[in-house]
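Take a look at the structure below.
The values are calculated or read from the model by the stated rules, or taken from the named source; none is laboratory data. Remember, predicted model here, so these are calculated numbers, not experimental data. All Cβ positions, glycine included, derive from the backbone under ideal geometry; neighbour counts span all protein chains shown.
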Amino acid sequence: MKVTPTAIPDVLIIEPKVFGDARGFFYESFNQKAFNEATGTDYQFVQDNHSRSAKGVLRGLHYQIQQPQGKLVRVVRGAVFDVVVDIRKSSSTFGKWVGVELSEENHRQLWVPPGFAHGFLVTSESAEFLYKTTDYYAPQYERCIVWNDPTIGVQWPLDAAPTLSLKDTLGLNLEMVAQRYASEQI
């Protein structure tokens, strides 16, 4: 596997070795030992999630204030623009974002460590999005930063207004999150 740091060095693009021929392709989508060696981490994954969304659906930017989840994300059908925002208050890249196209064609995966907000926009007609997490989903600790926070300035590749859940519509901007949840670990 090939591992490439992004502009936020802890966020990593992982490209598996794909073996293909006229019959199709094969690749090892996950190997705990290889993942730990390639990323220099020792995380264990406890939950797998699978979502399907239509074109223009934007999910995020989500994070948990307790039980923060590291995520290893990939797309098995379609394509998304995947976004990660550093919300670690003590980080030199606090409030910075990176965006990566993940698709069934490029087979890329993205490692999103704990301490980051995460979201994606579906750019194909539909997309199936898979992700492994390092901790269990805890809805009571989930928070959302609004997708279009001007202080973060994510450049989403939008043709029209995105389709959002109520939760994502009600997200707060990063400054409000920092003020409102000053006592909470993000």
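Side notes on the structure shown:
- Within segment 164-186, the set of residues being of a type in the set (Ser, Thr, Tyr), at pLDDT 95 or above and not in a helix (DSSP H, G or I) comprises just one member, Ser165.
- Residues of segment 119-134 satisfying the condition of being surrounded by fewer than 22 Cβ atoms within 10 Å (Cβ to Cβ) and within 18 Å of Asp86 (Cα to Cα): Thr134
- Of all the residues in segment 1-56, those that are touching a Lys or Arg at 6+ places or on another chain (Cβ under 9 Å), closer than 20 Å to Val80 by Cα, of a type in the set (Val, Ile, Thr) and not in a strand (DSSP E or B) number 1.
- Single condition Arg88 does not satisfy, out of (1) modelled with pLDDT of 95 or more; (2) assigned to a loop (DSSP other than H, G, I, E, B); (3) surrounded by 14 or more Cβ atoms within 10 Å (Cβ to Cβ); (4) charged (D, E, K, R): (1)
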